[in-house]
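**Student:** Before I ask anything, here is the structure I am working with.
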Amino acid sequence: MITDAAPARRHLAISARLQALPLGLVFAAFFVLPLVLVVVVSFWDYNDYQIIPSFTLRSYTESFEGCLDELPGLCTIFRTYASTARFCAIVWALTLVIGFTVAYFLAFHVRSSLWQMVLALVCTIPFWTSNVIRMISWIPLLGRNGLVNGGLQTLHLMDRPVEWLLYSDFSVVLAFVHLLTFFMVVPILNSLLRIDRSLIEAAYDAGASGRQTLWTVVLPLAKPGIVIGSIFVVTIVMGDFVTFGVMGGQQIASAGKIIETRLAALQFPPAAANAVILLAITLIIIRVLTRIVDIRREL
């Protein structure tokens with residue numbers, strides 16, 4: 001029996017590797033290889049008109065230039081990353097609350113599987129258009145002469161237009177919440193639908209209130225979905241520069257904007273170095289999130 005089982009297991013293992021080989025090659029060609037090239041270029045020298053393929057730490061040292069001189073304050077790059085982290089935290093908190101609320105409603109208050117699917121598809125409607133169009137659509141609403149300001153003045157709630165509705169931190173956060181809430185809804189909904197309803201009934205039978213059941217039963221079992229949604233939201237906000245630029249009026253700095261500015265100036269090694277720094281910070285955040293819960297059960 002053991003002799004017959006061993007070749008069968010080897011055959012299954014070889015078959016599994018062969019099936020995964022095409023996807024592995026695509027992953028290596030379009031992710032691993034470009035990433036390796038970015039890391040290599042980040043250590044190259046450069047001047048005003050060309051890249052010099054010689055090893056140097058210039059791009060990294062220039063990124064943190066002057067940081068020691070500004071202690072105990074923060075230098076430009078640290079202030080930029082701190083600002084990006086602040087936006088990440090705000091957007092994450094808002095999308096988590098909204099996404100969990102929507103997912104909870106779909107999972108526990110919509111009894112029909114058909115309607116759960118229909119309402120979940122309704123959440124995808126914003127994705128039927130591009131991100132840029134969705135962001136630009138806020139400008140006629142939030143602008144100085146937009147519909148919101150016009151309505152407030154018509155109702156005599158404001159004497160003058162509200163300036164902070166557009167090209168501000170508020171408009172950036174609003175656009176991100178609009179764009180990214182769906183990335184929270186789907187994984188959390190998937191986790192909530194997997195919860196055995198008998199556990200919730202047992203909690204009620206034991207005398208737990210609705211709030212206690214939510215905190216002691218539902219939320220712990222929804223952690224994988226929350227972590228996956230958090231990874232989506234945090235990684236997108238950390239690397240974004242379009243939303244910051246369009247909704248912030250090119251006035252709000254971000255980690256992604258540093259890279260975009262370097263690329264626009266054709267300074268590829270500094271851009272690559274900042275991309276490596278951003279990737280390292282993002283991986284640390286993802287590592288912290290994945291230490292909270294094993295998300296492999298959800299995948």
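Since every read-out is calculated from the coordinates, none of them should be taken as a lab result. These numbers come from a predicted model, not from an experiment. In this analysis, Cβ positions are derived from the backbone assuming ideal geometry, glycine residues included, and neighbour counts consider all displayed protein chains.
**Student:** Report, in debye and to the nearest 20, how large the dipole of region 167-250 comes out about its Cα centre when Lys and Arg carry +1 and Asp and Glu carry -1 on their Cβ.
**Tutor:** Magnitude of the dipole: close to 100 debye.
**Student:** Taking springs between alpha-carbon atoms closer than 10 angstrom, which of Ala280, Ala28, Ala93 fluctuates most in the Gaussian network model of the chain?
**Tutor:** Result for the chain, Cα springs under 10 Å: Ala28 fluctuates most.
**Student:** Okay, next question. When the Kirkwood hydrodynamic radius is evaluated over all pairs of different C-alpha atoms of region 174-299, what value in angstrom, to one decimal, is obtained?
**Tutor:** Radius from the Kirkwood sum: 17.0 Å.
**Student:** By per-residue mean of other Cβ atoms within 10 Å, what is the highest-first order of 223-231, 103-111?
**Tutor:** Highest-to-lowest ranking by the protection proxy: 223-231, 103-111.
**Student:** Oh, and also: Where the centroid of each part is defined by its Cα atoms, how far is region 68-142 from region 8-35 in Å?
**Tutor:** Result: 33 Å between the Cα centres.
**Student:** What residues have an amide H closer than 5 Å to that of Asp240, excluding those fewer than 5 places away on the same chain, when H is modeled at 1.01 Å from N in the peptide plane?
**Tutor:** Under 5 Å from the amide H of Asp240 lie the amide H atoms of Gly256, each far enough along the sequence or on another chain.
**Student:** State the answer as a single residue: which of Thr80, Ser230, Thr216 lies farthest towards the positive end of the charge dipole of the chain, with beta carbon charges of +1 for Lys and Arg and -1 for Asp and Glu, about the Cα centre.
**Tutor:** Thr216
**Student:** By the gyration tensor of its Cα atoms, with a ≥ b ≥ c the square roots of the eigenvalues, what is the shape of region 9-109: rounded for a/c under 1.5, prolate for a/b over b/c, or oblate?
**Tutor:** Here region 9-109 falls in the oblate category.
**Student:** I'd like to know which of Ile200, Ile259, Ser168 lies farthest towards the positive end of the charge dipole of region 70-297, counting +1 on Cβ of Lys and Arg and -1 on Cβ of Asp and Glu.
**Tutor:** The residue sitting most towards the positive pole is Ile200.
**Student:** Dipole magnitude of the chain about its Cα centre, charges +1 at Lys/Arg Cβ and -1 at Asp/Glu Cβ only, in debye to the nearest 20?
**Tutor:** Approximately 800 debye in magnitude.
**Student:** Applying a 10 Å radius around every beta-carbon, put 116-122, 185-191, 143-149 in order of their mean neighbour count, most first.
**Tutor:** With the highest mean Cβ count within 10 Å placed first, the list reads 185-191, 143-149, 116-122.
**Student:** Rounded, prolate or oblate: which fits the chain when a ≥ b ≥ c are the square roots of the eigenvalues of the alpha-carbon gyration tensor, with rounded for a/c under 1.5 and prolate only if a/b beats b/c?
**Tutor:** oblate
**Student:** Shifting gears a bit: Just tell me, in residue order, which DSSP H segments of the chain are both 24 angstrom or longer along the helix axis (alpha-carbon based) and at least 0.5 in mean Kyte-Doolittle hydropathy.
**Tutor:** Once both thresholds are applied, what remains is 2-27, 76-108, 169-193, 219-239, 268-292.
**Student:** Turning to a different aspect of this structure: Who wins for biggest fluctuation among Leu94, Leu283, Leu37 in a Gaussian network model of the chain, springs between alpha carbons below 10 Å?
**Tutor:** Maximum among the listed residues: Leu37.
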